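Before any comments, here is the structure.
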């Protein structure tokens with residue numbers, strides 16, 4: 001990653017909108033995935049340490065993917081604005 005690319009990514013990550021978009025999408029999709037993947041264990045009362053860890057990790061991973069996607073989108077917007085597209 002070049003210094004100029006790092007600078008653009010840093011600027012994008014400082015954007016409040018990027019974080020809001022990532023939180024909204026990450027939370028929504030994370031909760032849905034969590035319910036689909038581990039909900040039956042919670043409903044049956046068959047909760048193990050592994051189920052708890054997966055339940056916690058699912059929205060965290062989803063948030064990370066959402067943050068990356070939102071940041072990448074903002075970086076592309078910034079590059080387009082800079083080049084006049």
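Before moving on, here are some points about what is shown:
- Using just its DSSP H runs of length 4 or more, each adding -39500 (n - 2.57), the chain gives a mean residue ellipticity at 222 nm of -31500 deg cm²/dmol after division by all residues.
- Inter-part distance where segment 1-24 and segment 34-52 are each reduced to a Cα centre, Å: 34 Å
- Cα long-axis angle, helix 16-44 against the chain (0 to 90 degrees, to the nearest 10): 20 degrees
- Cα Rg over Rh - segment 1-44, Kirkwood: 1.31
- Evaluated at q = 0.23 Å⁻¹, a Debye calculation over the C-alpha positions of the chain (equal weights, vacuum) places log10 I(q)/I(0) at -0.99.
- Between helix 3-13 and the chain there is an angle of about 50 degrees, using the helix long axis and the longest principal axis of the Cα atoms.
- Acute angle (nearest 10 degrees) that the helix 49-83 long axis makes with the longest principal axis of the chain, alpha-carbon atoms: 20 degrees
Only the coordinates and a few stated rules stand behind these numbers; no lab work does. Predicted model, so just to flag it, every value in this text is computed and none were measured.
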